[in-house]
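The values are calculated or read from the model by the stated rules, or taken from the named source; none is laboratory data. Here the structure is a predicted model, which is why all the values come from computation and not from measurement. Neighbour counts are summed over all protein chains in view; Cβ atoms, including those assigned to glycine, are modelled from backbone coordinates with ideal geometry.
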Amino acid sequence: MVIISRQVSELEFDEFAGQLTQTIVLPNISWKTYNALITDIGDNCCVRLAYNRGILTIKMPSKLHEIINRLLARIVKTLTEELDMEVVDVGSTTFNRQDLEKGAEPDTAFYIQNAEKLEGLDPEIPAHLAPDLVIEVDITSPSTERIKIYQALGVPEVWQYTKQRGLVIYCLQSQGYVESDVSATFVQVTATVLNQFLQQRQTQSENRVIRAVRSWIQEQI
């Protein structure tokens, strides 16, 4: 049983002063301009770009945004360890398709089912190989355009966190993304369980939450 203690105050979901993610939406942006921005920004982890047929969205994550994002990423990697699954965490790597005029930089993306296709420290990602799982954190602004992009790219599963609903799992079906109670990647994992771990983070350190995740999944298997 986990003992809850009031030691961590940095993950307060209801306190947003100075913690708002900034989002800018620009219409009528060419594919050439979008790619030039990708080159100019480079590996700047403080900016996420998304492009959907002329609409460019620039997201500048807040501290709270990144705390939630990195916690969810650690949960994913912990699950793969305990379930003896391979994983390649490609972070906010740019995924774009000129033929679709769509591109995005997820908060975090993973290859899990297709991890074996990426070898080495700097793997070459096949142009049409979408990540298996994407994390999107949207505390103050919706990611409707990003979800459309992931659908077009063929991302099988998206974990989306919003302040209003908490974490929601979306699985790609023939008709588009469908909300699911259970992860397609980790069949033992539900949105309810993930939200419990996020709630736990409000009063405990990240490492304690990860230890709780590890203990929980060991019980499931």
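Among the residues making up the stretch 188-206, those that are outside any helix (DSSP H, G or I) and either under 18 Å from the mean Cα position of the chain (by Cα) or crowded, with 18+ Cβ neighbours inside 10 Å (or both) are VAL189, THR190, ARG201, GLN204.
Just wondering, is there one or more residues in the stretch 82-90 that are touching a helix residue (DSSP H, G or I) at 6+ places or on another chain (Cβ under 6 Å), in a helix (DSSP H, G or I), at pLDDT 90 or above and within 28 Å of GLN113 (Cα to Cα)? Give the steps one after another, and end with the answer.
Taking the stretch 82-90 as the starting set, the residues that turn out to be touching a helix residue (DSSP H, G or I) at 6+ places or on another chain (Cβ under 6 Å) are 82, 86-88.
Adding the requirement that they be in a helix (DSSP H, G or I) leaves 82.
When the remaining residues are screened for being at pLDDT 90 or above, the result is 82.
Adding the requirement that they be within 28 Å of GLN113 (Cα to Cα) leaves 82.
So far as the stretch 82-90 goes, yes, one or more of its residues are touching a helix residue (DSSP H, G or I) at 6+ places or on another chain (Cβ under 6 Å), in a helix (DSSP H, G or I), at pLDDT 90 or above and within 28 Å of GLN113 (Cα to Cα).
Restricting attention to the stretch 117-134, the residues being closer than 19 Å to VAL155 by Cα and of a type in the set (Gly, Ala, Ser) number 2. Candidates VAL209, VAL155: the one that is buried (at least 16 other Cβ atoms within 10 Å of the Cβ) and in a helix (DSSP H, G or I) is VAL209.
Here VAL168 meets the list (1) assigned to a helix (DSSP H, G or I); (2) over 17 Å from GLU66 (Cα atoms); (3) not hydroxyl-bearing (Ser, Thr, Tyr) almost entirely, failing just condition (1). Contact annotation: residue pairs with Cβ atoms under 7 Å, 6 or more positions apart or on different chains, pairing a residue in the stretch 120-136 that is closer than 23 Å to ILE147 by Cβ with a partner that is at pLDDT below 90 and part of a loop (DSSP other than H, G, I, E, B), are GLU136/SER143. For the stretch 126-138, the set of residues classified as touching a Pro at 6+ places or on another chain (Cβ under 9 Å) and either part of a loop (DSSP other than H, G, I, E, B) or among the β-branched types (Val, Ile, Thr) (or both) consists of ALA130, PRO131, ASP132, VAL134, ILE135, VAL137, listed by residue number.
Just wondering, is there one or more residues in the stretch 41-62 that are in contact with a helix residue (DSSP H, G or I) (Cβ under 7 Å, 6 or more places away or on another chain), at pLDDT 90 or above, hydroxyl-bearing (Ser, Thr, Tyr) and not in a strand (DSSP E or B)? Scanning the stretch 41-62 turns up no residue that is in contact with a helix residue (DSSP H, G or I) (Cβ under 7 Å, 6 or more places away or on another chain), at pLDDT 90 or above, hydroxyl-bearing (Ser, Thr, Tyr) and not in a strand (DSSP E or B). Here is a check on your reading of the model: is LEU121 modelled with pLDDT of 95 or more, surrounded by fewer than 17 Cβ atoms within 10 Å (Cβ to Cβ), assigned to a loop (DSSP other than H, G, I, E, B) and hydrophobic (A, V, I, L, M, F, W, C)? For LEU121, the condition - modelled with pLDDT of 95 or more, surrounded by fewer than 17 Cβ atoms within 10 Å (Cβ to Cβ), assigned to a loop (DSSP other than H, G, I, E, B) and hydrophobic (A, V, I, L, M, F, W, C) - is not met. Looking for whichever is more than 25 Å from GLU82 (Cα to Cα), aliphatic (A, V, I, L, M) and touching a residue at least 24 places away in the same chain (Cβ under 8 Å) here; the options are ILE149, ILE112. Which one fits? Among ILE149, ILE112, only ILE149 is more than 25 Å from GLU82 (Cα to Cα), aliphatic (A, V, I, L, M) and touching a residue at least 24 places away in the same chain (Cβ under 8 Å). Please indicate, with yes or no, whether at least one residue in the stretch 45-57 is among the charged types (D, E, K, R), in contact (Cβ under 8 Å) with a residue 40 or more places away in the chain and surrounded by 17 or more Cβ atoms within 10 Å (Cβ to Cβ). Among the residues of the stretch 45-57, at least one is among the charged types (D, E, K, R), in contact (Cβ under 8 Å) with a residue 40 or more places away in the chain and surrounded by 17 or more Cβ atoms within 10 Å (Cβ to Cβ), which makes the answer yes.
Which members of the stretch 158-181 meet the condition of being surrounded by 15 or more Cβ atoms within 10 Å (Cβ to Cβ), of a type outside the set (Phe, Trp, Tyr) and out of contact with any Gly (no Cβ under 8 Å at 6 or more places or on another chain)? Scanning the stretch 158-181 gives VAL158, GLN160, THR162, GLY166, LEU167, VAL168, ILE169, CYS171, SER180.
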